[in-house]
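J.: Could you have a look at this structure, given as C-alpha cells, before my questions?
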Amino acid sequence: MKTWMLSLVSFAAVLVLTTTEVCSASDNTPRGLAPYFTAATSAPKAPDSEGFLQRWLLLEPINKPNRSNAGFTDSYVRANLTTNYFPGQFTVVPRDGDKVTVGDEELAWHAVDSANYNVKLFRFASGLNKRTYGVVFWAVTVVASPRELKGVRMAVGSNSASMWWLNGEEAVDLFGDRRMVADDCVSKRVTLKKGKNVIRGAVINGPGLSDFCVRFIDEKGAPIQDLVIDLNNSGN
C-alpha cells in the first residue's frame with residue numbers, strides 16, 4: 001500500500017515538473033529589462049560618479065554560429081565585428097525603436113539606461129527572450145562635450161571580446177576570451193570634439209555572461225565627468 005502511494009506521488013511530481021517545463025519552454029513573453037535597465041528619457045544624462053557612460057542604444061543580439069569563446073582570435077573577432085550586418089552600421093545613429101534586418105531576422109534598437117556602471121548585455125538579451133550565447137551585440141551612444149578635449153583616452157572593459165570606435169575611427173580593441181574589468185584597455189590619446197561625439201561598440205559572446213563598461217579618462221587617469229549623454233542630439 002505504501003509502495004503504491006509512493007509511486008502515485010512520484011508520478012504526480014513528474015507530471016507537474018514536466019508540465020512546468022513545457023510551459024516555460026513555450027512562454028515567449030519577454031521577461032523585461034528591470035532591474036538592470038530602465039527606458040532612457042528625453043532629458044540629457046551625465047556620466048555616473050566615476051565617469052562611466054550608462055545610457056546606450058542597444059541592438060537586439062545578432063546570432064552567430066560559433067558559440068564557443070575558444071576561437072576568439074584577433075583575426076576571428078575582427079572579421080566578425082567589422083562585418084556589415086545591416087545598412088548604415090558604421091555611420092547611422094539609430095533612434096529608439098528603429099529596426100534593421102540581419103539575414104532573415106528583424107532586430108530593434110532599444111534606448112536604455114543601465115542601472116550599473118557596466119552594461120549587462122546578457123541580461124538585456126535574456127530580458128527580451130533573445131538568444132544570449134553565440135551572439136554579437138551592437139551599442140551606440142552620443143556624448144556631448146562643452147569644449148574640445150585633447151589628449152583624453154577611452155577606457156573600456158568587456159566580456160567577451162569587443163571593438164570600439166570614436167567618431168568613426170577605431171579606438172579600442174579587446175581580443176580573446178576575457179572577463180569584464182574596468183579600464184581593461186585604453187585608447188591612444190584622442191580628441192573629444194566640442195559638441196557631439198559618437199561612440200560605437202560591438203561585443204561578441206560565446207558561452208557565459210556578457211557586459212561592458214566605457215568611460216573617458218584624462219592623462220592622469222581621472223574620469224572626465226563634465227560630459228552629457230544626449231541621444232536626442234544624435235542626428236544621422
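The values are calculated or read from the model by the stated rules, or taken from the named source; none is laboratory data. Predicted, not measured: the structure shown is a model, and the values here were computed from it. Don't worry about glycine lacking a Cβ; one is built from the backbone with ideal geometry, like all the others, and counts go over all protein chains shown. Ligands, DNA and RNA are excluded from the accessible area calculation, which covers all protein heavy atoms including side chains. Shrake-Rupley method; radii C 1.70, N 1.55, O 1.52, S 1.80 Å.
J.: Can you tell me which condition Trp165 does not meet? The list is (1) open to solvent by 20 Å² or more (accessible area, probe 1.4 Å); (2) outside any strand (DSSP E or B), and all the others hold.
T.: (2)
J.: Val100: in contact (Cβ under 8 Å) with a residue 12 or more places away in the chain, surrounded by 14 or more Cβ atoms within 10 Å (Cβ to Cβ) and outside any helix (DSSP H, G or I), yes or no? It would help to see each step written out before you state the result.
T.: On the way: in contact (Cβ under 8 Å) with a residue 12 or more places away in the chain: yes; surrounded by 14 or more Cβ atoms within 10 Å (Cβ to Cβ): yes; outside any helix (DSSP H, G or I): yes.
When the stated conditions are applied, Val100 passes them.
J.: Please tell me if Gly201 is within 20 Å of Phe86 (Cα to Cα) and within 14 Å of the chain's Cα centre (by Cα).
T.: Details: within 20 Å of Phe86 (Cα to Cα): yes; within 14 Å of the chain's Cα centre (by Cα): yes.
So Gly201 passes the test.
J.: Something else: Checking Asn66 against (1) at pLDDT 95 or above; (2) farther than 30 Å from Gly221 by Cα; (3) of a type outside the set (A, V, I, L, M), which test does it fail?
T.: So Asn66 meets the others, but not (1).
J.: Only residues that are among the aliphatic types (A, V, I, L, M) and not in a strand (DSSP E or B): list them for the stretch 186-230, please. I'd like the intermediate steps shown before the answer.
T.: Pass one, the stretch 186-230, residues among the aliphatic types (A, V, I, L, M): 186, 190, 192, 198-199, 202-204, 209, 214, 217, 222, 224, 227-229.
Matches in the stretch 186-230: Leu209, Ala222, Ile224, Leu227.
J.: Among the listed residues Val156, Val93, which satisfies the condition of being assigned to a loop (DSSP other than H, G, I, E, B), of a type in the set (A, V, I, L, M) and in contact (Cβ under 8 Å) with a residue 24 or more places away in the chain?
T.: Numbers: Val156 fails: assigned to a loop (DSSP other than H, G, I, E, B).
From the options Val156, Val93, the qualifying one is Val93.
J.: Next question. For the stretch 136-164, how many residues are under 18 Å from Trp56 (Cα atoms) and not polar (S, T, N, Q)?
T.: The qualifying residues number 14.
J.: Tell me which residues, restricted to the stretch 169-182, are part of a loop (DSSP other than H, G, I, E, B), open to solvent by 50 Å² or more (accessible area, probe 1.4 Å) and at pLDDT 95 or above.
T.: Selection gives Val181 alone.
J.: If you don't mind, there's one more thing I want to ask. Among the listed residues Arg78, Arg95, identify the single one that is open to solvent by 60 Å² or more (accessible area, probe 1.4 Å) and either closer than 12 Å to Val136 by Cβ or at pLDDT 95 or above (or both).
T.: Working: Arg78 fails: either closer than 12 Å to Val136 by Cβ or at pLDDT 95 or above (or both).
Answer to the check: Arg95.
J.: A further question follows. Scan the stretch 150-160 residue by residue and report those that are open to solvent by 20 Å² or more (accessible area, probe 1.4 Å) and either hydroxyl-bearing (Ser, Thr, Tyr) or within 25 Å of Glu219 (Cα to Cα) (or both). Explain how you work it out, then say what you get.
T.: Start the filter on the stretch 150-160 by keeping residues that are open to solvent by 20 Å² or more (accessible area, probe 1.4 Å), which leaves 150, 153, 159.
Scanning the stretch 150-160 gives Lys150, Arg153.
J.: Now for a separate question. Across the stretch 204-232, what is the total count of residues that are open to solvent by less than 50 Å² (accessible area, probe 1.4 Å) and either hydroxyl-bearing (Ser, Thr, Tyr) or within 20 Å of the chain's Cα centre (by Cα) (or both)? Can you show your working first?
T.: Keep residues of the stretch 204-232 that are open to solvent by less than 50 Å² (accessible area, probe 1.4 Å), which gives 204-206, 208, 210-217, 221-224, 227, 229-231.
Subset that is either hydroxyl-bearing (Ser, Thr, Tyr) or within 20 Å of the chain's Cα centre (by Cα) (or both): 204-206, 208, 210-216, 229-231.
Residues meeting the conditions: 14.
J.: Output the residues belonging to the stretch 104-147 that are in a loop (DSSP other than H, G, I, E, B), in contact (Cβ under 8 Å) with a residue 12 or more places away in the chain and open to solvent by 40 Å² or more (accessible area, probe 1.4 Å). Write out each step before concluding.
T.: Taking the stretch 104-147 as the starting set, the residues that turn out to be in a loop (DSSP other than H, G, I, E, B) are 104, 115-118, 128-134, 146-147.
When the remaining residues are screened for being in contact (Cβ under 8 Å) with a residue 12 or more places away in the chain, the result is 115-118, 128-134, 146-147.
Across the stretch 104-147, the qualifying residues are Ala115, Asn116, Tyr117, Asn129, Lys130, Arg131, Tyr133, Pro146, Arg147.
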